[in-house]
Amino acid sequence: MTEIKFCGLKTGRDVAAAVEAGARWTGFVVFARSPRHVSPSLAGELAHLASGTETVAVTVNPDDDLLAQIRDAMRPDWIQLHGSESPERIVQARAYARQGIIKAIPVASAVDLEAARVYDRVADRLLFDAKPPKGADRPGGWGEGYDYALLKNLDVSVPWLLSGGLDASNVAAAIAASGARAVDVSSGIESAPGIKDAARIQAFADALAPRRTA
């Protein structure tokens with residue numbers, strides 16, 4: 001079964017829906033410009049509710065102070081870095097996570113995949129997301145897609161997740177095109193930016209493991 005990261009969760013109801021839908025990872029965004037932003041302390045409270053999942057703190061170019069706040073409040077299994085962090089910064093940030101670092105790579109064309117070589121073996125996992133629109137004030141969560149087939153013959157040594165514009169209607173095709181074994185979804189399970197919808201969360205999971213009826 002394809003593994004799922006439900007990201008941008010902001011409430012206990014969001015977490016409960018994600019857990020019920022079989023999430024492997026639950027993601028909490030600590031980045032003020034995002035409509036999905038939660039404080040480190042709230043991320044910690046929500047992570048506590050995410051029993052049976054691996055918790056992910058998602059942030060952008062964090063300084064050591066913010067990483068320490070996230071670590072102390074949340075004790076995340078993973079920290080996902082979604083900015084312009086250098087390989088050296090990846091290594092430094094690993095000390096704040098219990099399992100490791102997920103590095104997001106923005107993709108619009110094949111040339112963007114060259115960045116994966118820079119972070120392969122430095123990050124513990126990679127996440128391929130759509131490049132943000134021109135002039136965007138944040139690096140992700142726009143609901144934009146790209147040619148997922150660009151990832152079909154991806155040559156990296158660490159596990160990776162497919163992200164960017166996924167929802168219940170296209171995730172199966174995106175997996176077929178890319179060969180992904182794990183996916184990340186945020187805007188595709190929302191009724192409005194930052195507002196998760198439990199029915200859409202379950203529909204996304206069902207699209208990957210359709211229920212059989214007699």
Requested in this report: Those residues that are within 20 Å of Tyr148 (Cα to Cα) and either under 14 Å from the mean Cα position of the chain (by Cα) or not in a helix (DSSP H, G or I) (or both), I need them from segment 180-208; list them, please.
Outcome: Ala180, Arg181, Ala182, Val183, Asp184, Val185, Ser186, Ser187, Gly188, Ile189
Query raised in the report: When segment 13-30 is examined, which residues are found to be buried (at least 21 other Cβ atoms within 10 Å of the Cβ) and assigned to a loop (DSSP other than H, G, I, E, B)?
Result: Ala23, Val30
Requested in this report: Among the candidates Gly135, Gly141, single out the residue that is out of contact with any strand residue (DSSP E or B) (no Cβ under 6 Å at 6 or more places or on another chain), crowded, with 19+ Cβ neighbours inside 10 Å and modelled with pLDDT under 95.
Outcome: Gly141
Report summary line: Picked from segment 148-165 (must be part of a loop (DSSP other than H, G, I, E, B) and touching a Phe, Trp or Tyr at 6+ places or on another chain (Cβ under 8 Å)), the residue surrounded by the fewest Cβ atoms within 10 Å (Cβ to Cβ) is Leu154
Query raised in the report: Is it true that Lys10 is closer than 24 Å to Gly188 by Cα, in a loop (DSSP other than H, G, I, E, B) and of a type outside the set (Gly, Ala, Ser)?
Result: yes
Requested in this report: For Glu114, state whether it is without any contact (Cβ under 8 Å) to a residue 24 or more places away in the chain and over 28 Å from Gly145 (Cβ atoms).
Outcome: no
Query raised in the report: What number of residues within segment 171-214 are of a type in the set (S, T, N, Q) and open to solvent by 40 Å² or more (accessible area, probe 1.4 Å)?
Result: 3
Report task. Search segment 13-40 for residues that are more than 20 Å from Arg125 (Cα to Cα) and among the hydrophobic types (A, V, I, L, M, F, W, C) and pair each with any residue that is open to solvent by 20 Å² or more (accessible area, probe 1.4 Å) and assigned to a loop (DSSP other than H, G, I, E, B) when their beta-carbon atoms are under 6 Å apart and the residues are at least 6 apart or on different chains. Result -> Phe31/Val60; Val38/Lys10
Query - Given (1) more than 17 Å from the chain's Cα centre (by Cα); (2) crowded, with 18+ Cβ neighbours inside 10 Å, index of the condition Ala168 fails - result: (1)
Query raised in the report: in contact with a Phe, Trp or Tyr (Cβ under 9 Å, 6 or more places away or on another chain) and either open to solvent by 80 Å² or more (accessible area, probe 1.4 Å) or over 14 Å from Cys7 (Cα atoms) (or both): does that describe Ile79?
Result: no
Requested in this report: List every residue pair whose Cβ atoms lie under 8 Å apart, where the two residues are 6 or more positions apart in sequence or sit on different chains, the first residue falls within segment 168-179 and is touching a residue at least 12 places away in the same chain (Cβ under 8 Å), and the second residue, located anywhere, is of a type in the set (Val, Ile, Thr) and surrounded by fewer than 19 Cβ atoms within 10 Å (Cβ to Cβ).
Outcome: Ile175/Thr2
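The values are calculated or read from the model by the stated rules, or taken from the named source; none is laboratory data. Since the structure is predicted, the reported quantities are computational estimates derived from the model, not experimental observations. In this analysis, Cβ positions are derived from the backbone assuming ideal geometry, glycine residues included, and neighbour counts consider all displayed protein chains. With ligands, DNA and RNA removed, areas are computed over all heavy atoms of the protein, side chains included. Shrake-Rupley method; radii C 1.70, N 1.55, O 1.52, S 1.80 Å.
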